[in-house]
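Just below is one structure, and these are the notes that go with it.
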Amino acid sequence: MAPSDHVNRFIRKLESIATLSDDEKQALCDLPMRLKAIDADQDIVREGDRPNECCLILEGFVCRYMMLDDGRRQILSFHTPGDIPDLQSLHLKVMDHSIGTLAPSSVAFIPHKSLHELNDRYPRIAGTLWRDTLIDAAIFRLWMVGLGRKSAYERISHLLCELQMRLRAVGLTNDHSYQLPLTQSELADATGISTVHVNRVLQDLKKDGLVTFQNGSLVIEDWEGLKKAGEFDPTYLHLDPGEVT
Amino acid sequence: MTRTLSSPGKNGNGISFTEQPVRVAAGGGDQEGCLIFADDWLVAVLVRLSQAHEALTGRWFLEAGFGPLATKHNMIFEDLHDAEAWISRRLKGDGQAGGRHS
């Protein structure tokens, strides 16, 4: 990946939720970034850490999660290229959850100091990053509705729709298909159901003609049907109107 | 059809287990199930995992556990005897001990 490409992914992500001027884009390009490749299933930041930098996802698949004492894990959110999953650490000093990779990933660490300076000089960028964390909160609200009130079939359908919209916004879909490097166990930890139920739901989604899986990619065969199955309305993602179909 | 797995006192805990085969509309191709009664109380519903579950095919999944058998863990057993042993321990108040979960 050329040095400019990873910044472009970040800019594209921000432009999916806001408008940026050329000056603002240049300021983002000028941010110092420390690049790092990380294997699958490794922590990037742990609960209790006091980070002094944020991590921008360049490639791969990352999640936020919390562990219970007996080893049960709840995945709180998924993050894909262009996301800064620990943007909150700019203002909340102690991590109250962990962030880890689910697939081989590359990330760029950006010093908090540089982000604070950027926000001071470019209030519209500060506003955009704030907007991003607000959208994060909106995503958590929808996950809460799913975990609390939806069936396993509805939850997984909704999640697959959400990933389609978010990945499409950063150019990582091929029509209605995207790389989904998640195990059934990881899907189970995200949706609060057993791996057995995840397997059954995936079988049923295939049987119902909504999705297929091909070489690690999810193919949405019936987008309208999958949206209906998950009761998916993309309003909560607050994407640029051009990104929503 | 029911079959008593162990008579009262035989396994040392005074609980009589009975299993009753049922068909379960569990989805995903899973339909072979078994109701487990302990002294006439329905305590668990187990479902045998179909070929769709690959390495887990043929094992028994705790679809529902009642009372002390309620758990958020993903309980999967090699066979019904394995399940019964776990159920016995739970009913005797043996906390989380001995459970196998994934």
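The values are calculated or read from the model by the stated rules, or taken from the named source; none is laboratory data. Everything quoted here is computed from the prediction, not taken from an experiment. With ideal geometry, Cβ positions are generated from the backbone for all residues, glycine too; neighbour counts draw on all protein chains shown.
Of the residues A:Leu76, A:Leu102, which single one is under 18 Å from the mean Cα position of the chain (by Cα) and over 22 Å from A:Arg141 (Cβ atoms)?
On the way: A:Leu76 fails: over 22 Å from A:Arg141 (Cβ atoms).
Matching residue, one of A:Leu76, A:Leu102: A:Leu102.
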Practice item. Could you list all residues from region A:155-211 that are more than 10 Å from chain B (Cβ to nearest Cβ), without any contact (Cβ under 8 Å) to a residue 60 or more places away in the chain and of a type in the set (D, E, K, R)? Key: A:Asp175, A:Asp208
Practice item. Working only within region A:202-228, note down all residues that are surrounded by 14 or more Cβ atoms within 10 Å (Cβ to Cβ), hydrophobic (A, V, I, L, M, F, W, C) and either closer than 20 Å to A:Ala188 by Cα or in contact with a strand residue (DSSP E or B) (Cβ under 9 Å, 6 or more places away or on another chain) (or both). Key: A:Leu202, A:Leu205, A:Leu210, A:Val211, A:Leu218, A:Val219, A:Ile220, A:Leu226
Practice item. Give the residues of region A:204-245 that are outside any strand (DSSP E or B) and of a type in the set (Val, Ile, Thr), sorted by residue number. Key: A:Thr235, A:Val244, A:Thr245
Review point. How many of the residues in region A:143-162 are surrounded by fewer than 19 Cβ atoms within 10 Å (Cβ to Cβ) and closer than 22 Å to A:His97 by Cβ?
Key: 4
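A quick yes/no check of all residues on (1) charged (D, E, K, R); (2) closer than 28 Å to A:Gly71 by Cα; (3) crowded, with 16+ Cβ neighbours inside 10 Å:
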residue	(1), (2), (3)
B:Arg23	yes, no, no
B:Leu35	no, no, yes
B:Val45	no, yes, yes
B:Arg48	yes, yes, yes
B:Asn74	no, yes, yes
Point to revise | Residue check for A:Thr133: modelled with pLDDT of 95 or more and assigned by TED's automatic domain parsing to the domain that holds A:Leu58 | key: yes
Check your understanding: Out of (1) more than 14 Å from B:Glu84 (Cα to Cα); (2) aliphatic (A, V, I, L, M); (3) modelled with pLDDT under 95; (4) part of a strand (DSSP E or B), the odd one out for B:Val22 is which?
Key -> (3)
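On the basis of being buried (at least 18 other Cβ atoms within 10 Å of the Cβ), more than 11 Å from every other protein chain (Cβ to nearest Cβ), more than 23 Å from A:Asp70 (Cα to Cα) and not hydrophobic (A, V, I, L, M, F, W, C), does B:Glu19 make the cut? Break it down stepwise before answering.
On the way: buried (at least 18 other Cβ atoms within 10 Å of the Cβ): yes; more than 11 Å from every other protein chain (Cβ to nearest Cβ): yes; more than 23 Å from A:Asp70 (Cα to Cα): yes; not hydrophobic (A, V, I, L, M, F, W, C): yes.
So B:Glu19 fits the description; yes.
Counting only residues that are hydroxyl-bearing (Ser, Thr, Tyr) and surrounded by fewer than 17 Cβ atoms within 10 Å (Cβ to Cβ), how many does region A:96-139 have?
Here is the first cut: in region A:96-139, the residues hydroxyl-bearing (Ser, Thr, Tyr) are A:98, A:101, A:105-106, A:114, A:122, A:128, A:133.
In the following step, the residues that additionally are surrounded by fewer than 17 Cβ atoms within 10 Å (Cβ to Cβ) were identified as A:114, A:133.
Of the residues in that region, 2 qualify.
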Review point. Counting just the residues of region B:71-93 that are assigned to a loop (DSSP other than H, G, I, E, B) and closer than 15 Å to B:Val43 by Cβ, which one comes out nearest to the chain's Cα centre (by Cα)?
Key: B:Thr71
Check your understanding: Among the residues of region A:62-83, how many are touching a residue at least 60 places away in the same chain (Cβ under 8 Å) and away from chain B (no Cβ under 14 Å)?
Key -> 10
Exercise for review: Hey, can you tell me all the residues within region B:54-70 that are more than 10 Å from chain A (Cβ to nearest Cβ) and either more than 22 Å from B:Ser16 (Cβ to Cβ) or in a loop (DSSP other than H, G, I, E, B) (or both)?
Suggested key: B:Ala55, B:Thr57, B:Gly58, B:Phe66, B:Ala70
Check your understanding: If we scan region A:113-126, do we find a residue that is in contact with a Cys (Cβ under 9 Å, 6 or more places away or on another chain) and touching a residue at least 40 places away in the same chain (Cβ under 8 Å)?
Key -> yes
